[in-house]
Amino acid sequence: MQPEEKTTGEHVYLTYAYLNASEYDDFGSLLDDDVTVWLPGEDPVHGKELVILQEYSRDLVYSLESVWATPGGIFVTGVVHARLDPADAMGFVDILTFSPHGLLLVRKRYHARMSGANQPLTARESSVSRPAFRGRLGKLFRWWAPC
């Protein structure tokens, strides 16, 4: 693993840890000034300050299930819910890309369309069996609504 990859991987986990802890200034330290966030059914949000404000106003809690790197970015699957309403949880896939400096540049989110449709990918599927993983990923994305 190259040093840049390790830094980027650490930034992925720190991003969600800071959001879960409501540490929005620390979250902002991981964002590129030109960051863009695409969420389903909403206009994209562009710029560090607006992305921080968006996360602050939502106050969400993230439970990560899988994180894996591809040439096109880092994919993160998990479950997200409002801090005060855990019963309203929804599966998500985030596709993250990073700047050359290792800061978050783009996050594009997909949500599960129907309850029970998302079967989380396991770490074993993502790291051990690439053909099974790709097949499973294709099936998973049939159930996800794009932004």
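The values are calculated or read from the model by the stated rules, or taken from the named source; none is laboratory data. The shown structure was predicted, so the numbers you read here are calculated from the model rather than taken from an experiment. Cβ coordinates were reconstructed from backbone atoms using ideal geometry, including for glycine residues, and neighbour counts include every protein chain displayed. Areas reflect the complete protein model, heavy atoms only, side chains present, ligands, DNA and RNA absent. Shrake-Rupley method; radii C 1.70, N 1.55, O 1.52, S 1.80 Å.
Of the residues making up the range 10-27, just one is surrounded by fewer than 16 Cβ atoms within 10 Å (Cβ to Cβ) and modelled with pLDDT under 90, namely 10.
Scanning the range 29-59 for residues that are open to solvent by less than 60 Å² (accessible area, probe 1.4 Å) and in contact (Cβ under 8 Å) with a residue 60 or more places away in the chain gives 30, 31, 32, 35, 36, 37, 39, 40.
I'd like to check something: does the range 82-97 contain any residue that is open to solvent by less than 30 Å² (accessible area, probe 1.4 Å), among the aromatic types (Phe, Trp, Tyr) and in contact with a His (Cβ under 8 Å, 6 or more places away or on another chain)?
yes
Considering the range 65-81, the residues that are open to solvent by 60 Å² or more (accessible area, probe 1.4 Å) and within 14 Å of the chain's Cα centre (by Cα) include one that is nearest to residue 112 (Cα to Cα), namely 65.
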